[in-house]
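As structure tokens, the structure follows; a few thoughts come after it.
Rule-based calculations on the coordinates, nothing more; no lab input. This structure is a prediction, so every number in the text was calculated from the model and none was measured. Note: ideal-geometry Cβ built from the backbone for every residue, glycine included; neighbour counts use all protein chains shown.
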């Protein structure tokens, strides 16, 4: 059974939404709150340690009703069932999409081509746990008998962004190992990292499904050459491990076969941190915390799979996003975590969302005639308030925003936490209400300055309040956005799990690289031709 192929714009609900949009597009949220004392209660979902308030959106109960009809019209329930049952929903690449299997309990059943994958998932988990514990406890040592002090993750894309974000987000739970990430093929990047390292006490984790990714292999070989200045070839087996499917190439690199961790075709790269790609996470925060991360994601999986759509956090957030993207024509969404620990969260979501749903061909192979995908950006509050909030408050663009906050701080400084959360709450209130001309005048503002201090308000936000930043709550949060991506892809009738758009540039880069190694220059447009010649002359 394939995913349903429904052009959303042909559904009855889409037509209702279009008509409804014309009726409500200029309504101010202040009036919606004034007319319904129970609005906030009606538009809040309380689940586990999550409190999700979506009342500060330019929607009514009628809007939500039509959006929920849309979910039914595109057969979202059936699509969710298809994903969780291991069907080949990544049709263009002929793969199942089962990152949810990686965080399911051992008793669960996830079949791929009739075979339950859970035994091999748990075999890999046991290997990760054993390896991580040996390194952390000092039982596994380097070639000179010293314990490891540093871990370097070498990967790019999903093999870097996920682990890097999680390790950064869980700094509070970090052990004595110092973790580094090398991703960019920029030689200055890798050299800045290795100049801080001692080859005798550093463990390298090379993450590449095919073991052919140019950036990853270039960095791995540069690090290997640096390492061999201090050690011999046999020492590689003690200091390098790999997460890959290409066993032969990994062994040729010098990595011990016992130190190769598996990857599977049914896990997309940008959803792979839950797999052995998360080895670096286990090393940084300990396997128990990694397991808690998985448990949290599994709880969100079950919520998404089983909850009625009207109380389903990922579904509701996705539907609201569709409302802004396709009817208000909002092009971007901001993600503003009020926690410095989540400094890399928006960067991580950029790949997850923009690589997944940046598509212009529908599941029937036809060009779409509606907007898909959203531009994702953001930084932690309160820093972002002093950077780009001016645009959100008084600019000409409509920018829906997710505000993510935690009721408890990890280090327990209540004074700082109160100031942080006062800003968190004040910003969504300010974006809702704005400031009228009368209010500006009442403050004694000079007449000629008044227009500059007026805020229209009516700027939409979701508020996601979580009790505390823990491995489990972070797992829930990441999985929440993963499922939001899925829902939007189903509604837009696109394939969310391929990424052919990243390949063309790679192919051309290989051709240009060959030109650097010989004097001939292939045919290019005049701009690229001139730039090539300029580089060769100046480099």
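Secondary structure note: in the chain, about 35% of the DSSP beta bridges are antiparallel.
Expressed as a fraction of 2.2 N^0.38 Å, the value expected for a compact globular protein of N residues, the C-alpha radius of gyration of the chain is 1.05.
For the range 1-116, what does the alpha-carbon gyration tensor say about shape, rounded, prolate or oblate, given a ≥ b ≥ c as the root eigenvalues, a/c under 1.5 as rounded, and a/b over b/c as prolate? It is oblate, given that a/c is not under 1.5 and a/b is not larger than b/c. Peptides 33-41, 398-406 ranked from most to least packed, by the mean per-residue count of other Cβ atoms within 10 Å: 398-406, 33-41. Computed from the C-beta positions of residue 429 and residue 360, the FRET efficiency with R₀ = 30 Å rounds to 0.20.
Relative contact order for the range 117-289: 31 percent, from Cα pairs under 8 Å spaced at least 6 residues apart, divided by residue count. Bridge orientation summary for the range 340-490: considering DSSP beta bridges with both residues in this region, about 25 percent are antiparallel.
When both the range 289-303 and the range 243-283 are represented by their alpha-carbon centers, they are found 21 Å apart. For the range 136-191, the relative contact order is 39 percent, taking Cα pairs closer than 8 Å that sit 6 or more residues apart in sequence and dividing their mean separation by the residue count. Orientation-averaged projection of the range 60-176 equals 12.2 nm² [convex hull of Cα atoms, one quarter of hull surface area].
Across the chain, the mean sequence separation of Cα contacts (distance under 8 Å, 6 or more residues apart), normalised by length, yields a relative contact order of 18 percent.
What shape does the range 117-289 take by its C-alpha gyration tensor, where a ≥ b ≥ c are the square roots of the eigenvalues and a/c under 1.5 counts as rounded, a/b above b/c as prolate, and the rest as oblate? Intermediate results must be reported in sequence, preceding the final value.
Details: a/c = 1.27, a/b = 1.16, b/c = 1.10.
Because its axes are fairly even, with a/c under 1.5, the range 117-289 counts as rounded.
When the alpha-carbon atoms of the range 19-69 are used, the pair Rg, Dmax equals 11.9, 37 angstrom.
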